[in-house]
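Quick note: the coordinates plus some simple rules give every number you see, no bench work behind them. Source: prediction; values computed, not measured. No Cβ is skipped: glycine too gets one built from the backbone with ideal geometry, and neighbour counts run over all protein chains shown.
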Amino acid sequence: MNILGVSKIRTLSILVSVAVASSFLAGCSNTGSNRYFGKTFAPKDNVLRYVTGPEPESLDPQLPDGQPEARIYMALYDGLVEYGPKDMQPIPAIAKSWEISPKVDEFLFHLRDGAKWSDGAPITARDFVYSLRRGLRPETISRTSYLGYIIKYAEEFNGGKVFVKKGESFLLAKDFGGSDNGSRTPLGPETTFHTFIASDDRLALDGDEKKRAAEISSDAKLKAAVEGAEFVPVMADDIGVEAVDDFTLRITLRQSAPYFLSMLPHQFFRLVPEKAIEKYKKEWTRPEHIVTCGAFRIKSYRPYDALVLEKDPNYWDAANVHLDGLEFLAVEELTTIMNLYKAGDIDAFQNHVVPSPWVDEIRQYKDEYLNFPENSTAYYAMNITKPPFNDVRVRKAFNLSVDNDGLTAFRKVTKPLYSLAPSFIIPEYDVARAKVSEDIRKERGVSSEEWLKNSRYDPEQARKVLNEAGFPVLKDGDSYSCPSFPLENILITFNSNESNRATAEFVQAQWKQNLGITIPLKTMEFKTYSPYFRSLQYEGFAVLLWSGDFMDPYTFLTLEAGKENQGGSGYYDPKYDKMLDDANYELDSTKRYELLARAEAYLMDQLPAIPLTIGATNWMKKPYVKGLYPSPGTLLPWKFVYIEQDPEKWDKDVENILVNTDPVVERQLQDLKSTQPVATK
Amino acid sequence: MDQALEDIKGASPWSDAWKRLLKNSLAVFGLIVLIVMILAVIVGPSIIEWTTGYTYDLVPAQHELVKAMPPSISHPFGTDDLGRDLLARVLQGGRISLMVGIISTFVSLVVGVSYGAIAGYVGGKMDNLMMRIVDIIYAIPYMLIVIVLLAVFGGPNTKALVTWIPQIVAGSLIFILGILLAVLIYRRMLAGFSSTAGLATQYPVKGLLIVILASALLGIIYLSSLAIGSTSLGPSLADWYGTNLSQGVSQIFLLFFALGLVSWLTMARVVRGQILSLKNQEFVIAAKATGVSPFMIIFRHLIPNALGPVIVYATLTVPAVMLTEAFLSYLGLGVQAPYASWGSLSFDGVKNLAIFPWQLIFPGVTMALTLFSLNFLGDGIRDALDPQTRKF
Amino acid sequence: MLTFIIRRLLIVIPMALLVVTVTWVLIRIAPGNFYSGEKKIPAAIEANIRKKYGLDQPWYKQYGMMMSNVIRGDFGDSLKYQGQSVNEIIIRHLPYSATIGVLAYLLALLVGLAAGTIAALKQNSLFDYGSMSIAMLGLSVPNFVLGPILILIFAFWVYVLPPARWGGISALVLPVITLGAIYAAYIARLTRAGMLEVLRSDYIRTARAKGLDERTVLFRHAFRGGIVPVVSFTGPALAGLLAGTVVVERVFAIPGLGNIFIQAVQNRDEPLILGIVAFISIMILVFNLLVDISYGFIDPRIRFE
């Protein structure tokens, strides 16, 4: 054995590491000098290649609840209305116009008569009736069917409930503590179905015999009333959906829902083909069986790789569909998506992709990087059923010592969140919220500085509040400590992904710094996390991410509404529920928003969750891709998208993309909106 | 064949091997690097904390410092995305990575080698059965095992697990030692007494007495170790890994356990293959003929002759297990943030490859250097222990 | 020999069923359900789902149903990817992972055996140290690091190879190298160790003493015994490679079985997990059987009773 051997190997390994290191440095200087990120040539075949996320769960729009799938459905299936390309407000689709009842509990849609399926069959109101009934069938097991629950008797049908028939008449809900929905004047012609659906709500009991028996025996009045009665299952034909004629559809809701129209572009309400489904059952989504009704149809499908679509000549608006084809690629790894984009293999990709350390660099590509507020939020829910977080002062102290602006600066792409519902998404709501906040401040006689102090980052105030709660924070040189705070089992729990981890590490450091309390982190694999979180097994903090189902603050405010809510804090306050209900009965949109803001302010006083950040779109598109906008939900109506061959007309400085007007898209949008004379609000 | 016999009777093969190892400069280099590395991860984090104040989880208070910074005098390895000192993180990560490596090598050497050797030597139905068990464990998705382990023992149960597992292990080790000791004493006595014929009739009683006494003594040691263990062993272990026991977050220990569970499987197969090819050789047949017990044949004759591939495979297990750990961490089943391991640091670093290369280079090179050294040392040990080296 | 093979083949099915059973139990203990997600599902919808998939039945009935389906070779439909049957998924995606896996292993064998043998013959030479150091580098650079480095070099500095996705031979190069590197390193090291062991054994000395020329000694005698460790390693390694490798498939966006399997575990997609596990266990058993048979051909000293 010789020393020479050693030194040679050392030299070898040093050489290798130096080579690797220098190549990295070369890589650094390589990027950033060009105007565009990687290869940028407009594709000649007029086909857009887009990464929408991993393999879609199904091509059946009524089954999955994910956003990646939703983008595919927007190409394949049409609905009554479509999301607007910039603001996601509903624009006419198969429904060319609609009427709304004064109480906003009934909608009459007038369908266009040229709409066709991809097999050429005409689309009629009956197709919509079928689609909704099918989505709500218990056997369909749609995970988004709860969105349809606002339609009268939909929840009863989906939950397999029964009406109670006594003699010739049915028991009514209002006689057993249900609300009285009052009389309705019909919108459109009166029919036998409408007489039934507009009449007082029937009482519905559980379909399961045991549960029903328990339900009945707990209510003496009910017990007497069901004596000798017959239980009739709620049927699909009982749902408040009616084809008045071939091109007129009437939907009756169980209560006022001013937000109903903004729910309608959701995938659950899109059309599904009756013939194909009834013929092929669960195999109807196979490329050889599928029938679609969107701007594109399936050309070929390679699962886990690519779904290739082509323009559908049968589409009613085919003249205005710019692209000849659309490819959805299934890619999971974020860096792989970035690589494909850089190599020019894809033209645009889904939201939340650019890794946060890359953002500073990617931001330089001003013509490509789209970072806009999203209709989604992140919170730390606190388990308020267990001490010490059952004390609102403790919750406030922790909230006041999180610097949301600092967190935002660190996360780079998000915006700070200070309340339950996000800002920047619906400007009218932001105005209402500011007004309500000012009103409350005046009511309480607090100075405006003091008012701001109570809701924004203020470690001094936080320590004071925690002190009041009985956990004095001691100053110890430059740092703080809080020895009396019971740390036993208190954790920040989150499902493991990079963004959750970065946020948790940042917030943990903040609390350590400002309160002298170090809360350990606990990561969990996603499927372990969700039941753990939902059943309130955690103590302390748990991450709660929420994306709005529709464009209305109500979709966020319901997080903490009702006993079995989605908030995960164990919060329940009937007063808050009542405030929300009252707001929804308000028909004036401004007043309604103010009532909702009131409810939100009331909730934030009790603080069941610490607001952290508003989501950001955080995606890229090549400059030649036009008509694709960073809307708050990254749900993209593909028929507006086109590929611009002329580099002069490519998108520049996409920061203003939502403000700038593209004449092509604008004209297309005006044409579509012209059929609906009244404002969509 | 005579050489093999000579080897068994060799006065002190270990000291010879040690001498041969010291002559191998590459192996010595590896040994020194490994020792330095182990010392560094043990004392390094504390030294850094005393001198600079940085710890693996210290996020700077000023927001403008919460970002990735290239290597500098204050941060020789640079910082990660949260502005934490990468040197401190690499050293802390070394604790977990080295522990993962040591435990899995240990399991794979102890369990894998004896299991494979016994299966290979015994052969027939027994071999078939034993190998099919290996196949079954191999086929069960370990990710699912880890998920279930975490679900059953994670959370509040970890506390009990972390306190009790070391105790149970220590306890059973002491128990086995006790039995061995007792058997040894008993046999010595047997040998001693049989030479003096007059006392031969008394040995069973005395022997039993001594066994009972020895067991009682060991029992006392065991119980006291339990007492010590429950007050210090578990918590101090957890403390060393920087995890808070009272929070029940010591997933790391479950990870060690899970990785240990699967790390011996391929080793068993490799050893069995070697034994199959060795067991019909002359020296084994000779040993059998001279009445050496199967146990002795396996452990004194067969395994030493299969040591080459065994040691090489053991050194191969370490990187494999470290990478498995990194992948599990990536899935949220491994180390808990803010703790890290070399694997998880590299995993994070590779994402920033093109922009912050130091985040990959430093943990990556540290890990590679360790694995290199381990490998040189492994080769050195192999050469040193090789009963036939002297012949060449 | 024949009875040995038949006996071993007969055992494959019950073994696979055993693995499926253990896996089924593990899935049932693991927290979370295939339908649980970010949002809480209303109780009525959850009840509908449980009813449709028979989850409201007692466990032994569910187990019985599962087993009777599995015995008939029908794993049913994926729970997550509705309308796709498990058998269809496996058959459709096996070729992707198998192509990459087999190519990578062939490459590894080629490089590893050559490097390992030469290193053993020229022990302590520069070639020995050099090739073993490179092998060590292959081992200590994880594939999740190697892949991106190769992409950086070959897809972005020199635009010669695509950075990801399936299609064409050029797309195979990077994933095959990334995957093969670690196996080449394993094989090189195992070959070297095995060869060193054999070169010193009595029968090689005998062969040399008989005056056989070095080439015959090497290839007719030494090589056969020397690659026994490699052969032992090949069984599980090849079975694992056929079933796909997550990291490489994810980095290169290849629709192979490995990533699908990890996804299935994460999604608690029971039929898909069981299907792939059954497939993997059969692969492992068959490959290990092949390994055991080949022991006899490679090294005449190994005999099976």
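If you take the Cα centroid of the stretch B:15-49 and the Cα centroid of the stretch B:63-90, the two points sit 28 Å apart. Fully extending the segment from C:TYR60 to C:LEU126, taken as 0.36 nm per residue of separation minus the present Cα-Cα distance, adds 17.4 nm. Computed over the alpha carbons of chain C, Rg followed by Dmax gives 23.7, 85 Å.
Of all aspartates and glutamates in the structure, those lying under 14 Å Cα to Cα from A:LYS282, and not within fewer than 8 positions of it along the same chain, are A:GLU57, A:ASP60, A:GLU139, A:GLU274, C:ASP77.
About the centre of its Cα atoms, the protein assembly as shown shows a dipole size close to 5160 debye [charges on the beta carbon of Lys, Arg (+1) and Asp, Glu (-1) only; nearest 20 debye].
For the stretch C:144-238, which trypsin sites (Lys or Arg not before Pro) are both in a DSSP coil and crowded by at most 12 other Cβ atoms within 10 Å? Qualifying residues, ordered by number: C:LYS210. For the stretch A:542-652, the spherically averaged projection of the C-alpha convex hull amounts to 9.7 nm². Projected over every direction and averaged, the convex hull enclosing the alpha-carbon atoms of the stretch C:1-96 yields 8.9 nm². Our Cα-only numbers for the stretch A:226-273 put the radius of gyration and Dmax at 15.1, 45 Å. Its residues counted as N, the protein assembly as shown yields a C-alpha radius of gyration over 2.2 N^0.38 Å of 1.02.
Enumerate the residues in the stretch A:224-264 having an amide nitrogen under 20 Å from the point lying 7 Å beyond the Cα of A:LYS166 toward its Cβ. Within reach of a label on A:LYS166, which here means backbone N under 20 Å from a point 7 Å along Cα→Cβ, the stretch A:224-264 contributes A:224-234. Taking 0.890 mPa s as the viscosity and 25 °C as the temperature, the Stokes-Einstein diffusion coefficient of chain A based on its alpha-carbon Kirkwood radius rounds to 88 µm²/s.
Share of pairwise Cα-Cα distances greater than 19 Å in the stretch A:378-508 is 60 percent (whole percent).
Around the Cα centre of the stretch A:207-250, unit charges on the Cβ atoms of Lys, Arg, Asp and Glu (plus for the first two, minus for the last two) sum to a dipole of about 400 debye.
For the stretch C:200-224 versus the stretch A:143-180, the spacing of their alpha-carbon centroids is 88 Å.
Looking at the protein assembly as shown, the DSSP beta bridges with both ends there are about 80 percent antiparallel. Spin-label pair B:ILE35-B:ILE73: with each label point 7 Å from Cα along the Cα-Cβ axis, the two points sit 3.3 nm from one another. Per residue, the convex hull spanned by the Cα atoms of the stretch A:84-234 amounts to 169 cubic angstrom. Straight-line cross-link partners of A:LYS152 among the aspartates and glutamates, defined as a Cα under 12 Å from its Cα and at least 8 positions apart when in the same chain: A:ASP105, A:GLU106, A:ASP200, A:ASP201, A:ASP237, A:ASP238, A:GLU242. Hydrophobic long helices, here whole DSSP H runs in chain A with Kyte-Doolittle means of at least -0.5 and Cα atoms spread over 27 Å or more along the helix axis, are found at A:3-30. Helices in chain C that qualify as membrane-span-like (whole DSSP H runs, Cα extent of at least 27 Å along the helix axis, mean Kyte-Doolittle hydropathy of 0.0 or higher) are C:2-29, C:86-121, C:170-199, C:270-298.
Cβ-Cβ distance of B:ILE133 and B:ALA61, R₀ of 45 Å, FRET efficiency by 1/(1 + (r/R0)^6): the value works out to about 0.25.
Rounded to the nearest 20 debye, the dipole magnitude of the stretch B:79-141 is 160 debye, with +1 charges on Lys and Arg beta carbons, -1 on Asp and Glu beta carbons, and the Cα centre as origin. Of the chymotrypsin sites (Phe, Trp or Tyr not before Pro) found in the stretch A:260-332, none is in coil by DSSP with at most 12 other Cβ atoms within 10 Å of its Cβ. From largest to smallest, the equivalent ellipsoid semi-axes obtained for the stretch B:1-148 from the alpha-carbon gyration tensor read 45, 27, 10 Å. Of the two radii for the stretch A:296-402, the radius of gyration is 1.19 times the Kirkwood radius, both from the alpha carbons; that is the Rg over Rh value. Once the Cβ-Cβ distance of A:LYS279 and A:ASP646 is raised to the sixth power relative to R0 = 56 Å, the FRET efficiency obtained is 0.75.
Each part reduced to its alpha carbon centroid, the stretch C:122-185 and the stretch A:399-472 end up 52 Å apart. Among the GluC sites (Glu not before Pro) in the stretch A:472-533, those placed in a DSSP loop whose Cβ has at most 13 other Cβ atoms within 10 Å are A:GLU488. Exceedance of the 18 Å cut-off in Cα-Cα distance is limited, within the set A:LYS453/A:LYS578; A:LYS435/A:LYS575; A:LYS39/A:LYS622; A:LYS475/B:LYS67; A:LYS412/C:LYS39; A:LYS396/A:LYS453, to A:LYS453/A:LYS578; A:LYS435/A:LYS575; A:LYS475/B:LYS67; A:LYS412/C:LYS39. Taking 17 Å as the straight-line reach from the Cα of A:LYS44, the aspartates and glutamates in range (excluding those fewer than 8 positions away in the same chain) are A:GLU310, A:ASP324, A:GLU327, A:ASP345, A:ASP347, A:GLU644, A:ASP646, A:GLU648.
Each stretch of four or more DSSP H residues adds -39500 (n - 2.57); spread over every residue of chain A, this sum gives -9500 deg cm²/dmol at 222 nm.
Spacing of the modelled spin labels on B:LEU22 and C:TYR159, each 7 Å from Cα toward Cβ, amounts to 6.2 nm.
A helix-only calculation puts chain C at -23500 deg cm²/dmol for mean residue ellipticity at 222 nm, using -39500 (n - 2.57) for each DSSP H run of at least four residues, averaged over all residues. What is the order of B:VAL321, A:VAL392, fewest Cβ neighbours within 10 Å to most? Sorted ascending by nearby Cβ count, the order is A:VAL392, B:VAL321. Counts of other chain beta carbons within 10 angstrom of each beta carbon in peptide C:181-194 average 4.
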